[in-house]
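The values are calculated or read from the model by the stated rules, or taken from the named source; none is laboratory data. Keep in mind that this is a model prediction, so the values were computed, not measured. As a convention, Cβ positions derive from the backbone with ideal geometry for all residues, glycine included, and neighbour counts pool all protein chains shown. Calculation scope for accessible area: heavy atoms of the full protein, side chains included, ligands and nucleic acids excluded. Shrake-Rupley method; radii C 1.70, N 1.55, O 1.52, S 1.80 Å.
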Amino acid sequence: MDMSFAFLSALRCYTCNSNDNSECFAPPVNFTESDLQDNRTIPARLLVDCPLDPMGREPFCRKVNLLVIGGSLPDHTRVTRECGYDRARRPCYKIENGGHEELVCQCFTDGCNGAPQITVSRVLGGLIAVTGLLLGHGHRTM
């Protein structure tokens, strides 16, 4: 029985937590197959084939930026990257909970959860700024 098809369809996601691995803050989005074979590279150390889900759901890559506010340490950010199976309705969403804020994003291609946070922030910030300008301009002309 040939099982090679299972390896061809596996999604590769970065899997790490910046709390115990600083490489998790900014892994590369672009990598080659030779990078995956070389244990000296970040993709070889942090990219994993997402395991099959017992419920049969398709995997995706998830990135969580967690801003920890207050407590015994100064405010700081942690990043978690992982395989996920319970999809959200939006590509990114924000959760504010006492003591921390989370920005959770999901994507669907190999290594896509390696994108830096600033990219998501700039896109969302740009959309908000353009929307504000359009709404402000519309009120002045009416």
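Things to note:
- Extension gain from HIS100 to LEU52, taking 0.36 nm per residue of separation minus the Cα-Cα distance: 14.2 nm
- The alpha-carbon atoms of segment 12-114 define a convex hull whose volume equals 115 cubic angstrom per residue.
- Extension reserve of the ALA26-ARG90 stretch, reckoned as 0.36 nm per residue once the Cα distance is removed: 20.7 nm
- Solvent-accessible surface of segment 12-114, averaged per residue with a 1.4 angstrom probe and all protein chains in place: 61 square angstrom.
- When each of the peptides 106-116, 62-72, 42-52 is scored by the mean number of other C-beta atoms lying within 10 Å of its residues, the order from highest to lowest reads 106-116, 42-52, 62-72.
- Expressed as a whole percent, the accessible area of segment 12-114 that falls on carbon and sulfur atoms is 51 (1.4 Å probe).
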